[in-house]
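The values are calculated or read from the model by the stated rules, or taken from the named source; none is laboratory data. These numbers come from a predicted model, not from an experiment. Note that we place each Cβ from the backbone using ideal geometry, even for glycine, and neighbour counts take in every protein chain shown.
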Amino acid sequence: MGHPPKIGQLGMAPRLDSLEGRTVYLVDCRFDDGDILMRQMGDWFTEHCPGTKVEVRRKSNVYMERDDALYEEIKQEGDAAVFGVGH
């Protein structure tokens with residue numbers, strides 16, 4: 001039985017005042033039907049928040065592996081992100 005490494009806990013990102021004029025990334029993490037959930041969320045945003053730009057993306061690898069290129073794109077181009085892991 002091992003011991004987990006010490007980690008530095010991060011706080012949550014500050015809440016945006018509004019999503020109007022912002023870009024929200026909806027990311028499918030490739031875990032059981034996450035793509036369906038992200039598309040449904042994208043449709044909801046299109047209907048209810050027409051002033052919000054939605055980018056639906058799929059990670060380039062499995063859910064437990066990092067996708068540095070996608071994360072960098074979100075940092076540069078996005079204002080918010082939702083990562084979906086399915087059911």
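Worth pointing out:
- Filtered residues of region 11-48 (kept if under 16 Å from Asp79 (Cα atoms) and among the hydrophobic types (A, V, I, L, M, F, W, C)): Met12, Ala13, Leu16, Leu19, Val24, Leu26, Val27, Phe45
- Residue check, Tyr71 in contact with a Gly (Cβ under 8 Å, 6 or more places away or on another chain), modelled with pLDDT of 90 or more, outside any loop (DSSP other than H, G, I, E, B) and of a type in the set (Ser, Thr, Tyr): no
- Selection from region 34-58 of residues that are touching a Lys or Arg at 6+ places or on another chain (Cβ under 8 Å), among the charged types (D, E, K, R) and more than 11 Å from Gly84 (Cβ to Cβ): Lys53
- Within region 28-78, the set of residues being of a type in the set (Asp, Glu) and crowded, with 16+ Cβ neighbours inside 10 Å comprises Asp28, Asp35, Asp67.
- Counted residues, region 38-75 - those being over 21 Å from Ala13 (Cβ atoms), aliphatic (A, V, I, L, M) and in contact (Cβ under 8 Å) with a residue 24 or more places away in the chain: 1
- Test for Gly21: is it at pLDDT 95 or above and either in a loop (DSSP other than H, G, I, E, B) or over 14 Å from the mean Cα position of the chain (by Cα) (or both): yes
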